Amino acid sequence: MPNLTVVGAQWGDEGKGKVVDYLARSAGVVARFQGGPNAGHTVCVDRNTFTFHQIPSAILSPKATCIIGCGCVIDPYVFEHELAVLRKKKISPGQRLVVDCRAHMILPYHQQLDRLRDEQSAKQRIGTTGRGIGPAYADKVNRTGIRAGDLLSEEVFNDKLKHNVAAANFLLMDRYKAEPISLKATAHEYWQATRRIARMIGDGSRMIEDALRRGERVMFEGAQGMHLDIDLGTYPYVTSSTTWAGGVAPGTGISPVWLEEVVGIAKAYTTRVGLGPFPTEMNDADAERLRALGHEYGATTGRPRRCGWFDAPVVRASVRHNKLQALVVTKLDVLDSLEEIKVCHAYRLEGREVGEFDPFHAAEFEPQYETMPGWREQISGCRTFAGLPLRARRYLAKLEELCDCPIALVSVGSERSQTIPFKSNKLRWLRQ
Ligand code: IMP
């Protein structure tokens, strides 16, 4: 049976939640391999809208077991909130939700330190989501983090917390001149807040491997996008984890030899939240228009997203790094009313033409555009490739050509049903 990895091909917010939900309908296991509640995945099913930050979007597929892999970081308060929303809609994950014992926990001081660092240092500002992601991963790499498995013993948890609160208070008071946090209150509240998670802790790595050996359909779900990757992204304006397909093995604990197909999700245009280079960013008026049409506001922070034209060199870099077999193009319907649509096919740099995005020169690239006519009709009701207007099909063909990657699916609305299988789809995941 095939297994599939799903990654964002741009700077996140590509609409992975909807696509993962669509692709996961046939999955036995879906594992998230990185990130935490910085992600915001919106899924609409039968007119119900869910926004997931911490729980994998595939939880709405009744057959899928969802695993939060060892490469993730977990905020138990967000986790509890999302479980409560699911319960209200009469969805009870039961045994279908498992937290790998090796995943790291986000503690309240991580959030405080994240926000203070981003607010107080104009030079080092990244525009993070303020969810404590960087400091939690920093503790992991520093080998002082608290892992999900530590929540199984109050003594172990308290002992680790004592050292970490002391270190956090030193930073809070000395560096940021902020109030210290209380060890006693944090220990008590956090322990209480994590009792449900503690019952979901297991060996995610073993479960995924067993499912692969049994020949089940296994999907790996990335959060954020390729160019927010800690190593390959627009450093330092990145998140603190491995967002491309290379993160699946360390983020789930299985051998990379198991991995088969990789699909990249790309919006029909480009957006970015937070600071950092963005070659095809539009002028204010155009960005404002696209933002309104596409409801481009962060699902996690509500911040307006920066908007720009489709940047083929950005997606081409994702195709190469991830060896993408296919693209899924989302939000095509957002472009319905535009008279003209621009696509960046290359950049100019010091008199040369450059065909692939490279974070080192990102600020100097001058995007070169091709202008295509818009289709000026509503496509959200289309359900087949042939039913799309000719100009929309031409636009998609142009993206395929420029990105050097076939398109497998196109999304024309937020509902699960508003998804169009593409003409010559070669993904085994969709065919078998
Ligand atoms: P952090 O992940 O909260 O540390 O934020 C680091 C950078 O990644 C900031 O520019 C955020 O806006 C961006 N970021 C983090 N998560 C997401 C996401 O899910 N979508 C889009 N941008 C994100």
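The values are calculated or read from the model by the stated rules, or taken from the named source; none is laboratory data. All of these numbers come straight from a predicted model, not from anything done at the bench. Cβ atoms come from the backbone with ideal geometry, glycine included; neighbour counts cover every protein chain shown. Only protein heavy atoms, including side chains, enter the accessible area calculation; ligands, DNA and RNA are left aside. Shrake-Rupley method; radii C 1.70, N 1.55, O 1.52, S 1.80 Å.
A count restricted to the stretch 20-51 and to residues that are over 23 Å from residue 410 (Cβ atoms) and of a type outside the set (S, T, N, Q) stands at 8.
Pick out the one residue from 152, 86 that is assigned by TED's automatic domain parsing to the domain that holds residue 59, touching a strand residue (DSSP E or B) at 6+ places or on another chain (Cβ under 9 Å), of a type in the set (A, V, I, L, M) and away from the ligand (no atom under 16 Å from the Cβ). Going through 152, 86 in turn, the sole match is 86. Residues considered: 108, 62, 93. Of these, the only one that is crowded, with 16+ Cβ neighbours inside 10 Å and assigned by TED's automatic domain parsing to the domain that holds residue 29 is 93.
Inspect all residues belonging to the stretch 112-127 and state whether any of them is surrounded by 14 or more Cβ atoms within 10 Å (Cβ to Cβ), out of contact with any His (no Cβ under 8 Å at 6 or more places or on another chain) and closer than 14 Å to residue 74 by Cβ. There is no residue in the stretch 112-127 that is surrounded by 14 or more Cβ atoms within 10 Å (Cβ to Cβ), out of contact with any His (no Cβ under 8 Å at 6 or more places or on another chain) and closer than 14 Å to residue 74 by Cβ. Within the stretch 1-40, being open to solvent by 10 Å² or more (accessible area, probe 1.4 Å), within 16 Å of the ligand (Cβ to nearest atom) and of a type outside the set (D, E, K, R) holds for 15, 38, 40.
Could you tell me which residue of the stretch 382-405 is nearest to the chain's Cα centre (by Cα), considering only residues that are closer than 18 Å to residue 19 by Cα and open to solvent by less than 60 Å² (accessible area, probe 1.4 Å)? Among those residues, the one meeting the criterion is 405.
Being under 16 Å from the mean Cα position of the chain (by Cα) and away from the ligand (no atom under 15 Å from the Cβ) is the filter; apply it to the stretch 53-65 and report the residue that is modelled with the lowest pLDDT. For the stretch 53-65, the residue satisfying everything is 58. Whether any residue in the stretch 297-308 is open to solvent by 60 Å² or more (accessible area, probe 1.4 Å), assigned to a strand (DSSP E or B), of a type in the set (Ser, Thr, Tyr) and assigned by TED's automatic domain parsing to the domain that holds residue 373 is what I want to check. Yes, the conditions are met somewhere in the stretch 297-308.
This table checks each residue for (1) in contact with a Leu (Cβ under 9 Å, 6 or more places away or on another chain); (2) closer than 19 Å to residue 198 by Cα; (3) among the β-branched types (Val, Ile, Thr).
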{"site": "76", "(1), (2), (3)": "yes, yes, no"}
{"site": "83", "(1), (2), (3)": "yes, yes, no"}
{"site": "86", "(1), (2), (3)": "yes, yes, no"}
{"site": "93", "(1), (2), (3)": "yes, yes, no"}
{"site": "96", "(1), (2), (3)": "no, yes, no"}
{"site": "103", "(1), (2), (3)": "no, yes, no"}
{"site": "106", "(1), (2), (3)": "no, yes, yes"}
{"site": "115", "(1), (2), (3)": "no, no, no"}
{"site": "119", "(1), (2), (3)": "no, no, no"}
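What residue, among those in the stretch 41-52 that are surrounded by fewer than 23 Cβ atoms within 10 Å (Cβ to Cβ) and farther than 23 Å from residue 430 by Cα, is nearest to the ligand (Cβ to nearest atom)? Looking at residues that are surrounded by fewer than 23 Cβ atoms within 10 Å (Cβ to Cβ) and farther than 23 Å from residue 430 by Cα, I get 51.
Within the stretch 129-144, residues that are in the same structural domain as residue 168 (by TED's automatic domain parsing) and among the small types (Gly, Ala, Ser) sit with their Cβ atoms under 6 Å from residues that are within 13 Å of the ligand (Cβ to nearest atom) and assigned to a loop (DSSP other than H, G, I, E, B), at 6+ positions apart or across chains, in these pairs: 132/106; 134/240; 136/106. Scanning the stretch 316-340 for residues that are more than 24 Å from residue 358 (Cα to Cα) and in a helix (DSSP H, G or I) yields 332, 333, 334, 335. Summed over the stretch 344-372, residues that are in contact with an Asp or Glu (Cβ under 8 Å, 6 or more places away or on another chain), within 29 Å of residue 409 (Cα to Cα) and surrounded by 13 or more Cβ atoms within 10 Å (Cβ to Cβ) total 8.
Quick check: anything in the stretch 169-177 part of a helix (DSSP H, G or I), within 24 Å of residue 68 (Cα to Cα) and not assigned by TED's automatic domain parsing to the domain that holds residue 204? For the stretch 169-177, residues part of a helix (DSSP H, G or I), within 24 Å of residue 68 (Cα to Cα) and not assigned by TED's automatic domain parsing to the domain that holds residue 204: absent.
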